[in-house]
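The values are calculated or read from the model by the stated rules, or taken from the named source; none is laboratory data. Bear in mind that the values here come from a model prediction, so they are computed numbers and not experimental data. We place every Cβ from the backbone using ideal geometry, glycine too, and count neighbours over all the protein chains shown. What goes into the accessible areas is simple: the full protein's heavy atoms, side chains included, and nothing from ligands, DNA or RNA. Shrake-Rupley method; radii C 1.70, N 1.55, O 1.52, S 1.80 Å.
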Amino acid sequence: MAVEVAKVVINSVADASGLEQCILQNQFTADEVVAVIGKTEGNGGVNDFTRILADQAFRSMLLKHGSRSADEVNEVPLVWSGGCDGVITPHATIFARNDKTGTAGKSRMVIGQAMSPQIFPEDIGRLEMVEKVAIGVRAAMENAGITDPSDVHYVQTKTPLLTVDAAIDAKKRGKQVACEVHESMGVSNGTTGLGIAVALGEVDMPKAEEICRNLDLYSSVASCSSGVELDRAQIVLMGNRDGAGGRYRIGHSVMQDALDIDGIYESIQNAGLDLPDRPRASDLGDKVVNCFMKCEADRRAVLRSRRQIMLDDSDVSWHRHIKAAVGGIAALAIGDPAVFVSVDAMHQGPQGGGPAIAIVDLGE
């Protein structure tokens with residue numbers, strides 16, 4: 001099944017007009033939309049309500065123009081990352097799937113979805129969550145029709161994090177949670193990253209004490225987010241498959257640190273575009289649909305041998321520092337500030353860096 005991809009800007013916190021235009025222009029139907037991944041303009045924290053407003057606007061638009069029920073539309077994965085620090089523009093990348101097929105010998109983008117088994121509060125940060133996420137990733141591969149893990153280039157997840165009520169519930173059941181509530185976003189993301197890496201054979205099953213500690217273990221294709229609205233891992237997996245049809249390919253690389261613009265260009269090349277030895281945004285034409293990056297402040301507080309202070313800043317969270325910095329590098333790389341940059345990247349790329357994913361339009 002071929003995939004259609006569109007990037008649209010979000011002009012206000014509850015704007016879904018870009019999605020509506022794609023539908024009205026017959027780029028795809030509302031019922032063909034299978035996922036949305038976007039950036040909203042809030043603070044990126046637990047109380048970032050812009051994610052909820054964007055979610056409601058896009059789901060309402062799918063209901064307005066489609067034939068799916070409200071329950072069916074509510075099952076469509078919409079992954080919103082809050083915080084457009086620096087130059088990042090609020091936007092959404094929309095993924096639709098149709099029944100077209102392609103010519104054998106041409107590898108094109110496919111997308112799969114799955115939900116993991118239920119993740120309990122006491123699983124977060126432990127091997128049980130790693131195992132459950134791995135089960136879900138393998139199911140998403142099957143849904144995409146991918147058999148070789150090397151054909152997987154992007155795994156976007158949304159997993160539960162802890163709340164005070166969830167921690168109290170676990171204690172009533174005789175269970176102990178693995179971390180504090182305020183730490184659970186990063187811990188949930190990191191544990192999920194390991195689950196993806198295990199499922200794809202990037203690492204062996206880690207030891208319990210390595211979770212969120214041994215940062216040499218990571219996935220090169222994971223982009224993990226977490227929230228309070230679900231109790232399982234919601235998984236959107238993307239890769240390439242022979243004969244899939246469509247005009248898009250996806251590729252990945254890693255940024256070794258926050259300044260590694262070459263890692264972004266390597267992901268674009270991996271997706272199938274030929275670039276010169278020292279590429280610039282002007283070399284891309286209109287072939288790059290979007291790039292997706294995860295980033296993390298280096299816990300050693302050093303960048304290319306220079307001291308960094310973002311982890312010591314009590315006024316502005318390091319989340320906002322690093323997101324703005326990597327967003328600027330990514331916008332420079334592709335010549336477009338509508339780029340997806342998300343933080344909390346433990347076990348997602350090397351320490352101080354992160355995965356870089358690119359989707360390109362081959363125009364065929």
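So the label point goes 7 Å from the Cα of ARG299 along Cα→C-beta, right? Which residues of region 327-364 then have their backbone N under 20 Å from it?
Only 342-355 fall inside the zone, counting backbone N under 20 Å.
Can you flag which of LYS106/LYS158; LYS64/LYS106; LYS39/LYS172; LYS7/LYS158 are past 26 Å Cα-Cα?
With Cα atoms farther than 26 Å apart: LYS106/LYS158; LYS64/LYS106; LYS39/LYS172.
Specify the residue with the greatest mean-square fluctuation among LEU194, LEU62, LEU53, computed from a Gaussian network of the chain linking alpha-carbon atoms under 10 Å apart.
Top of the fluctuation ranking is LEU53.
For a quick check: with amide H placed at 1.01 Å from N, whose amide H comes under 5 Å from HIS91's, ignoring anything fewer than 5 positions away on the same chain?
Under 5 Å from the amide H of HIS91: ILE10, LYS39.
Residue-wise, which Karplus ³J(HN,Hα) couplings in Hz belong to region 238-254, taking 6.51 cos²θ - 1.76 cosθ + 1.60, θ = phi - 60°, and x for glycine or proline?
For region 238-254, the Karplus-derived couplings read 10, x, 10, 9, 4, x, 5, x, x, 10, 10, 10, 10, x, 8, 8, 10 Hz, x marking Gly and Pro.
Please list, in order along region 136-143, the HN-Hα scalar couplings obtained from phi with the Karplus expression 6.51 cos²θ - 1.76 cosθ + 1.60 (θ = phi - 60°), rounded to whole Hz, x for Gly and Pro.
Going residue by residue, I get x, 5, 5, 5, 5, 4, 4, 5 Hz, with x marking Gly and Pro.
GluC sites (Glu not before Pro) within region 90-199: which are DSSP loop residues with at most 10 other Cβ atoms inside 10 Å?
The qualifying sites are GLU180.
Could you give the length gained by full extension between HIS182 and ASP283, i.e. 0.36 nm per residue of separation minus their alpha carbon distance, to one decimal place?
Result: 32.1 nm gained on full extension.
Output the antiparallel fraction of DSSP beta bridges having both residues in region 1-98, as a percent to the nearest 5.
Given both bridge residues lie in region 1-98, the antiparallel proportion sits at roughly 70 percent.
Tell me the mean residue ellipticity at 222 nm calculated for the chain from its helices only (DSSP H runs of n ≥ 4, each -39500 (n - 2.57), averaged over every residue, nearest 500).
Mean residue ellipticity at 222 nm (helix-derived): -8500 deg cm²/dmol.
Among DSSP beta bridges lying fully in the chain, give the percent that are antiparallel, nearest 5.
Just about 75 percent of them are antiparallel.
Return one whole number: the accessible area per residue of region 257-311 in Å², for a 1.4 Å probe.
58
For the chain, give the magnitude of the charge dipole about the Cα centre (Cβ charges: +1 Lys/Arg, -1 Asp/Glu; no others), in debye to the nearest 20.
20
Given the options VAL137, MET185, GLY201, identify the residue whose Cα lies farthest towards the positive end of the charge dipole of region 121-234 (+1 on Cβ of Lys, Arg; -1 on Cβ of Asp, Glu).
Result: MET185, furthest along the dipole toward the positive end.
Connecting C-alpha atoms closer than 10 Å in a GNM of the chain, tell me which of ILE235, ILE250, ILE23 has the biggest fluctuation.
ILE23
With +1 assigned to the C-beta of every Lys and Arg and -1 to the C-beta of every Asp and Glu, and no other charges, what is the dipole magnitude of region 10-146 about the Cα centre in debye, to the nearest 20?
Charge dipole of region 10-146: 480 debye, to the nearest 20.
With θ set to phi - 60° and the Karplus curve 6.51 cos²θ - 1.76 cosθ + 1.60, what are the ³J(HN,Hα) couplings of region 111-120 in order, to the nearest whole Hz, using x for Gly and Pro?
9, x, 9, 6, 10, 7, x, 4, 9, 7
Given a Förster distance of 41 Å, report the FRET efficiency between ASP242 and ILE168 from their Cβ-Cβ distance, rounded to the nearest 0.05.
My answer for the efficiency is 0.20.
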